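*Asks:* Supplied in structure tokens, the structure appears directly below.
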Amino acid sequence: MSSNIQLISFAFSFFYGMFFCLTSKVNESLINNKKVLVKLLVTLVFIIDIVILYIYLMYKINNGIFHIYFILSLIIGYVILYLNFNKLLFWCKKCVNDLKKRVK
């Protein structure tokens, strides 16, 4: 595997970790007031879909070659966004409010 493909795989894994964090927050908010069995089933389907999508996209990027450092990059992306989620949410709300002011 060439170094360009490895860098693309690193970057993809990192940003996919961030995507996974965002979608898991959405999943959590959607199933917040549901029964335990529904929560379990929805979360199971969600995780299976996320894993299948990651494997498919990695297959398209680098012919499905997985290394432990790609998974570590994914975990680092997840953790970074998880720790900074409130800052991101504040920034997004600020941008939306600025856009609303400009439209009026």
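*Asks:* Find all pairs meeting these conditions: Cβ atoms under 7 angstrom apart; at least six residues apart or on different chains; first residue within the stretch 1-22 and farther than 20 Å from TYR78 by Cβ; second residue open to solvent by less than 90 Å² (accessible area, probe 1.4 Å) and outside any helix (DSSP H, G or I).
*Replies:* What qualifies is MET1/ILE65.
*Asks:* Let me ask something else about it. If LEU53 passes every condition in (1) closer than 22 Å to MET1 by Cα; (2) over 13 Å from the mean Cα position of the chain (by Cα); (3) part of a helix (DSSP H, G or I) but one, which one does it miss?
*Replies:* (2)
*Asks:* I want to confirm something. Restricting to the stretch 69-104 and keeping residues that are under 22 Å from PHE12 (Cα atoms) and β-branched (Val, Ile, Thr), which single residue is farthest from the chain's Cα centre (by Cα)?
*Replies:* Taking the candidates together, the pick is ILE71.
*Asks:* Also, quick follow-up: Of the residues in the stretch 14-40, how many are open to solvent by less than 90 Å² (accessible area, probe 1.4 Å) and more than 22 Å from LEU89 (Cα to Cα)? Reasoning before the result, please.
*Replies:* Of the residues in the stretch 14-40, the ones open to solvent by less than 90 Å² (accessible area, probe 1.4 Å) are 14, 16-27, 29, 31, 38-39.
If we keep only those that are more than 22 Å from LEU89 (Cα to Cα) as well, we get 38-39.
Number satisfying all stated conditions: 2.
*Asks:* Same structure again: Please enumerate the residues belonging to the stretch 66-104 that are among the aromatic types (Phe, Trp, Tyr), open to solvent by 90 Å² or more (accessible area, probe 1.4 Å) and either in contact (Cβ under 8 Å) with a residue 12 or more places away in the chain or not in a helix (DSSP H, G or I) (or both).
*Replies:* First, the residues of the stretch 66-104 that are among the aromatic types (Phe, Trp, Tyr): 66, 69-70, 78, 82, 85, 90-91.
Filter once more, keeping what is open to solvent by 90 Å² or more (accessible area, probe 1.4 Å): 82, 90-91.
TYR82, the sole residue that qualifies.
The values are calculated or read from the model by the stated rules, or taken from the named source; none is laboratory data. These numbers come from a predicted model, not from an experiment. Heads up, the Cβs are rebuilt from the backbone with ideal geometry, glycines too, and the neighbour counts pull from every protein chain shown. For the accessible areas, the whole protein counts, side chains as well, though only heavy atoms, and no ligand, DNA or RNA atoms are used. Shrake-Rupley method; radii C 1.70, N 1.55, O 1.52, S 1.80 Å.
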